[in-house]
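A.B. asks: The structure that follows is given in the form of structure tokens.
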Amino acid sequence: MRALYAFLLLACLLVTACSDNDARGDAPVILAAASLQEVLDEAADAYAAGGNRRPVLSFSGTPSIARQVLEGSPADAVVLADTLWMDRLVEEGRVTAGDVSVIAGNGLVLVAAPDEEGQLAPPSDLRPFLAIADPDTVPAGRYAKAALQAAGMWQVAEGRMVVTDNVRSVLALVERGEVPLGVVYTTDMLASGKVREVMAFPPGSHPPIRYPAAMIAGSDNAAARGFLAFLASADGQAIFAKHGFAPAP
């Protein structure tokens, strides 16, 4: 009798484990730009509240996300902070051009910690005074360089900058007071609460900031496609607006 009980218990455990694995397997995996963390977390909760599987979200810098997709990451969809990297994914056959849609826009600001003067002038010593994301590889860095050049600030700042691999690292440096100033997205500043705006760069001073989203080639996860559709819906766009994102330019 004990042997039969043990057998039945083991069978139940195996069935439960398989069911759990199947449930996790159905959850869509979304790779997304670091600047989207708060808004996509809230959007994922709202999507799940509608009876859908909550997406598994993985955040990093756009170049890192794009490289993961190029290397065959087993994800279902991708949301980037740059159309150029999305174009690369299309060229390499990892994303279908007709599947790409721009779901939001953003602004660009110069920020400082609350106790900083916020003047874009080098200090008397030789320490760096401005942080930006890498302008050679990271979208936020490319936008920052263009905006600083348009404002006549690039020559002042060049050579005295800290360059990071994503925009959230720029924000963290300014928050901790390790660098007096940084160039980040408007939404990063709003999400932080620990930095203040020194100036907002005019939209025409840098390329349009667009967030393209697409299914990754080979994925047939209906929940992932449904989540991307939710982001473009009125409910999804309301969440983007709540977090300070602009409508898709």
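Where a number appears in this text, it was derived from the coordinates with a stated rule and is not lab data. These figures come from a predicted structure and were not determined experimentally. Glycine also receives a Cβ, built like all others from the backbone with ideal geometry; neighbour counts cover every protein chain displayed.
A.B. asks: Taking only the alpha-carbon positions of the range 108-201 and ignoring solvent, what does the Debye formula give for the base-10 log of I(q)/I(0) at q = 0.10, 0.11, 0.20 Å⁻¹?
C.D. replies: -0.20, -0.24, -0.86
A.B. asks: Under the classification rounded if a/c is under 1.5, otherwise prolate if a/b is larger than b/c and oblate if not, where does the chain fall, given a ≥ b ≥ c as square roots of the Cα gyration tensor eigenvalues?
C.D. replies: Working: a/c = 2.43, a/b = 1.98, b/c = 1.23.
Because a/c hits 1.5 or more and a/b exceeds b/c, the chain counts as prolate.
A.B. asks: How large is the helix-only mean residue ellipticity at 222 nm for the chain, computed as the sum of -39500 (n - 2.57) over DSSP H runs with n ≥ 4, divided by its residue count, in deg cm²/dmol to the nearest 500?
C.D. replies: Working: 10 runs with 108 residues, N = 249.
Mean residue ellipticity, 222 nm, calculated: -13000 deg cm²/dmol.
A.B. asks: Arrange the following residues from fewest to most other Cβ atoms within 10 Å of their Cβ: THR187, THR137, THR62. Show your work: numbers first, answer last.
C.D. replies: Values: THR187 24, THR137 18, THR62 29.
Taking fewest neighbouring Cβ atoms as first place, the list is THR137, THR187, THR62.
A.B. asks: VAL95's amide H: which non-local residues (gap 5+, or another chain) put their own amide H closer than 5 Å, with H modeled 1.01 Å from N in plane and none for Pro or chain starts?
C.D. replies: Placed amide hydrogens put VAL90, ALA217 under 5 Å from VAL95.
A.B. asks: Determine the relative contact order of the chain: mean sequence separation of Cα pairs under 8 Å and six or more apart, normalised by residue count, in whole percent. Could the numbers behind the result be given before it?
C.D. replies: Values: 468 pairs, mean separation 70.0, N = 249.
Once normalised by length, the contact order is 28 percent.
A.B. asks: Next question. In the range 120-226, which GluC sites (Glu not before Pro) are in a loop and have at most 13 other Cβ atoms within 10 Å, using DSSP for the loop call? Walk me through the numbers before you get to the answer.
C.D. replies: On the way: sites: GLU158, GLU175, GLU178, GLU197; in loops: GLU158, GLU178.
Answer in residue order: GLU158.
A.B. asks: Take each uninterrupted DSSP H stretch in the chain, measure its Cα extent along the helix axis, and return the ones at 27 Å or beyond whose mean Kyte-Doolittle hydropathy is at least -0.5. If you can, show how the numbers build up before the last one.
C.D. replies: Details: long enough: 2-26 (36 Å, 0.70).
Membrane-span-like by this criterion, though nothing is claimed about a membrane: 2-26.
A.B. asks: State to the nearest 20 debye the size of the charge dipole of the range 108-201 about its Cα centre, where the only charges are +1 on K and R beta carbons and -1 on D and E beta carbons.
C.D. replies: Details: 8 positive and 12 negative charges, 25 e Å.
With Lys and Arg at +1 and Asp and Glu at -1, about 120 debye.
A.B. asks: Could I ask something else about it? Please list, in chain and number order, the residues 5+ apart from ARG210 or on another chain whose amide H is under 5 Å from its amide H, with Hs placed from the backbone.
C.D. replies: Correct list: THR83.
A.B. asks: Let me check against my output: what whole-number percent is the relative contact order of the range 76-216, with C-alpha pairs under 8 Å and at least 6 apart?
C.D. replies: Details: 277 pairs, mean separation 63.0, N = 141.
The normalised contact order for the range 76-216 reaches 45 percent.
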